[in-house]
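Notes to accompany the following structure.
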Amino acid sequence: MKEVYTIQDLRNWSEESIRLGVIGAPVAHSLSPQIQNAALQASGIAMQYARFEIAPDELASALELMHEREFLGANLTAPHKIAALSLMEDLDSNAKRIGAINTIKFCHRAPVTGSTARNATATGFNTDGAGFARAIREAFAVDLRDLRVLVLGAGGAARAISFECARAHCERLVIANRTFAKARALANALREFFIGPKVLGPVPRLHAIPLEENALRFQIGHTDLVVNATSLGLRVGDATPVPARLIEPHLFIYDIVYAKDRETRLLRAAREVGARAADGLLMLLRQSALSFEIWFEREAPLPEMRAALGVN
Ligand code: ATR
């Protein structure tokens, strides 16, 4: 099995055992094969899971090819989670609400005699939000309901996380994004969750801000949990999504980014000031287990998946 496959490989496909994969750009860092192959093996399923480096303009063809090659499903990572939505023939209600997907299940039904309708379908799901909530509980032993949350980012992952926080009736939710209009649109989509009986303090319960130091500085004193849901940190040398000097010891810091063999700059900065922090491995574990359960309609072997990631 190759480390990373391309659209060209999918066109000339000969790897019959590979029936699942993660699609992204970049994707070489992804630990999904490690965790899903451990799950497949532990469950006695004779399939393999691989990485696919697919550019945005190749996504539609890649999904069609996977379908033709009788793939069972796929995971999506940056930058495809939102774009893939419109390529699905069917959407789970949660994914539809979030407006992003991270899991696809292909369906290969036998053709109905005489029917001209398309039989095969691709259904989109989103396991990021539920995976995130479980990861926060495990990492910090707290519930989202009790937290004032600052989400950095407004892309696919940030949408799932923000919806999860809103649905859990978190105390407060602030969304900060480089492209401010996207943060504002996401906050607007969540407004109905915040018209409730919770006591309003001096700051709004739902707010969108630009990802800028002054705006962030003001929010930090009214925040318990900071979540990095931008892609900053994926590449060595990336800046921290929030300036290190703003990180305070009272914060929980959750970085959805994880990196093999290194700490992201955000986590290092958190550790240096004594803030409690965790990386994206727990979310990957939980979200991967939920994807496995969608594909196979059976319980995921969590202990083996944990061991494959080195998460205790
Ligand atoms: P994913 O599916 O992982 O969420 P995405 O939808 O491409 O990926 O979203 C990436 C997020 O990271 C966005 O919030 C993006 O900000 P913009 O909406 O302004 O593009 C953010 N991001 C990516 N690179 C960034 C950078 N260099 N600085 C700040 N934010 C960045």
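Since every read-out is calculated from the coordinates, none of them should be taken as a lab result. For clarity, every value in this text was computed on a predicted model and none was experimentally measured. All Cβ positions, even for glycine, are placed from backbone atoms using ideal geometry, and neighbour counts span all protein chains on display.
Side notes on the structure shown:
- The peptide list 280-289, 302-311, 71-80, put in order of mean Cβ contacts within 10 Å with the highest first, becomes 280-289, 71-80, 302-311.
- Estimated dipole of the stretch 1-109 in Debye, rounded to 20 [Cβ of Lys and Arg +1, of Asp and Glu -1, Cα centre]: 320 debye
- Structure remark: mean-square fluctuation, Gaussian network model of the chain, C-alpha springs under 10 Å; the largest value among 141, 166, 100 belongs to 141.
- Of the residues 218, 237, 203, the one whose Cα sits farthest toward the positive end of the charge dipole of the stretch 198-245, with +1 on the Cβ of Lys and Arg and -1 on the Cβ of Asp and Glu, is 203.
- Beta bridges by DSSP in the chain, antiparallel share as percent, to the nearest 5: 20 percent
- Whole-number percent relative contact order across the stretch 203-272, with pairs defined as alpha carbons under 8 Å at least 6 apart: 32 percent
- Percentage relative contact order, the chain, counting C-alpha pairs under 8 Å, at least six apart: 16 percent
- Rg/Rh for the stretch 234-290 stands at 0.99; both radii use Cα atoms, and Rh follows the Kirkwood definition.
- Shape of the stretch 174-312, Cα gyration tensor, a/c cut at 1.5: oblate
- Taking every Cα-Cα distance in the chain and sorting them into 10 Å bins from zero, the calculated P(r) comes out as 6, 27, 34, 22, 9, 2, 0 percent.
- Shape of the stretch 1-112, Cα gyration tensor, a/c cut at 1.5: rounded
- Choice from 23, 294, 104 showing the highest fluctuation, given a GNM over the chain with Cα pairs closer than 10 Å: 294
- Counted charge near residue 157, where neighbours are those whose Cβ lies closer than 10 Å (Asp, Glu -1; Lys, Arg +1): +1
- All lysines inside 28 Å of residue 81 as judged from Cα atoms, apart from same-chain residues fewer than 8 positions distant: 2, 96, 105, 182, 260
- Placing R0 at 25 angstrom, the Cβ-Cβ distance between residue 60 and residue 16 gives a FRET efficiency of 0.60 after rounding to 0.05.
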